[in-house]
Amino acid sequence: MKKPVLSKTWGWIILIALVLLDALLDIIFAKGKGLKSNILKPIADLLGISNPLFLTPLVLILFYFVVKIGAWLTRKADKIEVKSEELVLTTLVIVYGIFVLWLISVYLFNFTLIKNHLYLIPILIIIGIAYSWWAEKKLKK
């Protein structure tokens, strides 16, 4: 493997596809219940949004700022000047991609080993940290 991180272009293309897929899964299988979560409900109510697809631009803007702030923190804390933004973006793509795969497994295959998405959070954090440590080591070489 030559590069441990995605390019910005591919990272954003994949992230946009994952956000749209998440919204479509919510519409098709959960009838928009994702907008009733503790985080999204106040925003959806404030903006008068009832369709998860209409919230995707706001989610992408939020992810943009998460990537920018995360890259800045990576440069300051981990002293990774090269490809810090790509590292954060790739980590976000991997973690969000695994979450979407979990949604697909629940909706299409009735996978119930992890019954609540909140139980998935520690697993996703561990995966994100493990990937970031591995990629940081590769980028520092």
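Put a dot 7 Å past the Cα of Phe111, heading toward its Cβ, do the same for Leu73, and the two dots end up 2.7 nm apart. Compute the acute angle (0 to 90°) between the alpha-carbon long axis of helix 117-140 and the principal axis of greatest extent of the alpha-carbon atoms of the chain; round to the nearest 10°. That works out to roughly 20 degrees.
Relative to the dominant Cα principal axis of the chain, helix 8-30 is inclined by about 20°. Compute the Cα gyration tensor for the range 47-98, then decide on rounded, prolate or oblate, letting a ≥ b ≥ c be the square roots of its eigenvalues: rounded whenever a/c is under 1.5, prolate when a/b is larger than b/c in the other cases, and oblate in all that remain. Because a/c hits 1.5 or more and a/b exceeds b/c, the range 47-98 counts as prolate. Would you work out which of Val66, Leu139, Ile123 lies farthest towards the positive end of the dipole of the chain? Charges go on Cβ: Lys and Arg +1, Asp and Glu -1. Of the options given, the answer is Leu139.
When only Cα pairs below 8 angstrom with a gap of at least 6 residues are kept, the range 7-141 shows a relative contact order of 28 percent. Other residues with beta-carbon under 14 Å from the beta-carbon of Leu35 carry, at +1 per Lys or Arg and -1 per Asp or Glu, a net charge of +1. Rounded to whole numbers, the Karplus 3J(HN,Hα) couplings from phi for the range 55-61 are 8, 4, x, 5, 5, 5, 5 Hz, using 6.51 cos²θ - 1.76 cosθ + 1.60 with θ = phi - 60°, and x at Gly and Pro. Net charge around Lys79, counting only other residues with Cβ within less than 12 Å of its Cβ (Lys, Arg = +1; Asp, Glu = -1)? Cβ neighbours under 12 Å give a net charge of 0.
Among 109-119, 43-53, sorting by the average number of other beta carbon atoms lying within 10 angstrom of each residue, highest first, gives 43-53, 109-119. Determine the shape class of the range 1-53: with a ≥ b ≥ c the square roots of the Cα gyration tensor eigenvalues, call it rounded for a/c under 1.5, and otherwise prolate if a/b is greater than b/c, oblate otherwise. Because a/c hits 1.5 or more and a/b exceeds b/c, the range 1-53 counts as prolate. All C-alpha pair distances within the range 32-141, sorted into 10 Å bins from zero, spread as 12, 35, 34, 17, 2 percent across the bins. Full extension of the chain segment joining Ile28 with Thr9 gains 4.0 nm, where the gain is 0.36 nm per residue of separation less the Cα-Cα distance. What shape does the range 26-73 take by its C-alpha gyration tensor, where a ≥ b ≥ c are the square roots of the eigenvalues and a/c under 1.5 counts as rounded, a/b above b/c as prolate, and the rest as oblate? Prolate, because a/c is 1.5 or more and a/b exceeds b/c. The dipole here belongs to the range 1-121: it is taken about the Cα centre, uses +1 on the Cβ of Lys and Arg and -1 on the Cβ of Asp and Glu, and is about 160 debye. So, with a 1.4 angstrom probe, what is the percent of accessible area on the range 54-141 that is carbon and sulfur? Carbon and sulfur: 73 percent of the exposed surface of the range 54-141. Accessible surface calculations at 1.4 Å, restricted to protein heavy atoms, place the chain at 66 Å² per residue.
The values are calculated or read from the model by the stated rules, or taken from the named source; none is laboratory data. The structure presented is a predicted model; accordingly, all values stated were derived computationally and were not measured. We place every Cβ from the backbone using ideal geometry, glycine too, and count neighbours over all the protein chains shown. Accessible surface is based on the protein model in full, side chains and every heavy atom, while ligands, DNA and RNA are left aside. Shrake-Rupley method; radii C 1.70, N 1.55, O 1.52, S 1.80 Å.
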